[in-house]
Amino acid sequence: MARDFTPESLVGATVTGTDGDRIGKVDEVFLDNRSGQPEWVSVKTGLFGSNVSLLPLAQASLAGDTVTVPFDKATVKDAPHHDPGRELSAADEDDLYRYYGVSGTSSETSTGTRVDLADDSATTGTTTTTTTTTGTTTGTTTGTTTGTTTGTTSATTRGGAGHDTSGPDTDDAMTRSKEELHVGTASRIAGRARLRKYITSETVSREVPVTHEEVTLTREPITEANRDAALSGGDLTEEEHEVVLTEEHAVAAKQTVPVERVQVGKKVVEGTETVHAQVHEEHIDLDSDAPAADLGDQRR
């Protein structure tokens, strides 16, 4: 904590970085609620001081009207944004400590005490500076100098033209945008189908008529009609007579014949699907503590 600093010595001081480049001028001083010592300062950077960044005083040094901090200008400009005039919360301090890599805890520092002092570099004589605080700490600092001119500076100055507190100044209007959901279709592989031919076996039974020969024995008496044939052989002889018998048996022969044609095709079937998606839309509201005219919905 920078205990040697006072709000009077800081407001309006020039802030320089480690590389010696000028970063900006101190615009506001934030005090620790417990000790009342300066803890943070806001610095105006950018063209015409359009950007405001917060800097910790833990590692800063003061020489005359120059405050030197161990950061370069780019690091300060890219620091987490803090709206001018808004109190510094514990969450804001935690974010800033992490960003700058400075050890510290928000429980020991201010949760919103702000000192806003005017730049007294052009004032001589008796100067009375009143610090306006938001939070639990209120203080009045009085400094006396010698000279021929007497003047009083105050923390409250008449506001000029509005400026963009979230980034570089553009103009006096904001553009409101929203996301629109556009749907369509895209093809993807849902599956595959193929024809496969394989062989199976089965037993087929058929009845086939068959014939065979059998031996029959026929005896005939000798008559005048067959006497000559009966007496053609010897009188008493031995003789054998052989008869060949035949039969039919079932045989099988196989033949491959085509029975049908099978082919695979595709057809298109239509259906519907519901798509769910989250879209974002910007809204613009007026947040002002100053009197304003009737701000109805005015469209050009």
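The values are calculated or read from the model by the stated rules, or taken from the named source; none is laboratory data. Just so you know, these numbers come straight off a predicted model, no measurement behind them. Virtual Cβ from ideal backbone geometry, glycine too; neighbours counted across all protein chains shown.
Inspect region 254-275 for any residue being assigned to a loop (DSSP other than H, G, I, E, B) and surrounded by 10 or more Cβ atoms within 10 Å (Cβ to Cβ) and give the result as yes or no. No. A Cβ distance below 9 Å, combined with a sequence gap of six or more or placement on separate chains, defines the contacts here; from region 31-45, residues that are touching a residue at least 40 places away in the same chain (Cβ under 8 Å) reach residues that are basic (Lys, Arg) and not in a strand (DSSP E or B) in the pairs Pro38/Arg3.
With the requirement that a residue be small (Gly, Ala, Ser) and closer than 24 Å to Arg206 by Cα, what does region 245-270 give you? Walk me through it before giving the result.
Looking only at region 245-270, we keep the residues that are small (Gly, Ala, Ser), and these are 250, 252-253, 265.
Scanning region 245-270 gives Ala250, Ala252, Ala253.
In the set Gly36, Gly12, only one residue is at pLDDT below 85 and not in a strand (DSSP E or B); that residue is Gly36. Among the residues of region 210-231, at least one is more than 60 Å from the chain's Cα centre (by Cα) and touching a residue at least 40 places away in the same chain (Cβ under 8 Å). The single condition among (1) within 25 Å of Asp287 (Cβ to Cβ); (2) at pLDDT 85 or above; (3) touching a strand residue (DSSP E or B) at 6+ places or on another chain (Cβ under 7 Å) that Leu55 does not satisfy is (1).
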